[in-house]
Amino acid sequence: MARPPYQPSLLRLTHGVTALLVLAAWLSGLFVYSRYDGRWGRLPFTPGGNWIDLHGQAGFLLLPLGLAFAAYALTLGRARLRRATNAMALGALVLAVATGKMMQEDWLRDGQLHHLAYSLHLVAWLLIGLAVLLHVGESLRLGGTPLLASMVSTTVRPGDLPGDWPQQVRRYLKRGR
């Protein structure tokens, strides 16, 4: 039986937390769209709650974490960005966070659906959904369930503990010069 691949702990942490926040933002965005816009269809049932604020909180948390994940992806994980699905997912995340920051939270409550930032935010929402599906599909194609399992593994090798992360980054940056 083949040994499952090992994913660096910094990748697993930033990727995993980012994935959970992206899922929260994507689902809350679906509920916001269904309640306040719905031009291309509504959900048959949108749960009650203040989804705009919850969506904004997920986006607020994604900003610093997305920056940390992007920094990792552009340095230690640069080779992984050669895969189109990885680059697309990161690009969609950047577009979603950037356009979300440009929006006013009262636009949708007031029925103002014409703003460019909102239209681009909807495009980012669609791109993230597509990118995640393609990303998981490609991961399954390349490494199957062992690769996906390696991303949620809690195993940490010596030299890959949180205290080792700054040294890993410094070592990589020195190599890149």
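Annotations
- Gain on full stretching of the segment that runs from S119 to L30 - 0.36 nm per residue minus C-alpha separation: 30.6 nm
- Size of segment 78-177 as Cα extents on the principal axes (Å, biggest first): 54, 32, 27
- Residues H114, H135 arranged by fewest to most Cβ contacts within 10 Å: H114, H135
- Over the chain, DSSP H runs of length four or greater, each weighted -39,500 (n - 2.57), average out per residue to a 222 nm ellipticity of -24000 deg cm²/dmol.
- Relative contact order %, segment 76-177, counting alpha carbon pairs below 8 Å whose residues are six or more apart: 30
- Signed unit charges on C-beta, dipole axis of the chain, positive-most listed residue W51, Q167, S139: Q167
- Our estimate of slack between L148 and W40, defined as 0.36 nm per intervening residue step minus the Cα-Cα distance, is 35.5 nm.
- The ranking of D160, D110, D37 by Cβ neighbour count inside 10 Å, starting from the fewest, reads D110, D37, D160.
- Placing +1 on each Lys and Arg Cβ and -1 on each Asp and Glu Cβ, with no other charges, gives segment 46-177 a dipole about its Cα centre of roughly 1000 debye.
- A simple charge model with +1 on the Cβ of Lys and Arg, -1 on the Cβ of Asp and Glu and nothing else charged puts the dipole of segment 132-177 at about 380 debye relative to its Cα centre.
- Net charge in the neighbourhood of P4 (other residues with Cβ under 14 Å of its Cβ; Lys, Arg +1, Asp, Glu -1) is +3.
- The chymotrypsin sites (Phe, Trp or Tyr not before Pro) found in segment 40-119 that occupy coil by DSSP, while having at most 10 further C-beta atoms within 10 Å, are W40, F45.
Coordinate-derived values only; no laboratory data. What you are looking at is a predicted structure, and each value in this text was computed from that prediction instead of being measured. Neighbour counts run over all protein chains shown; Cβ positions are idealised from the backbone, glycine included.
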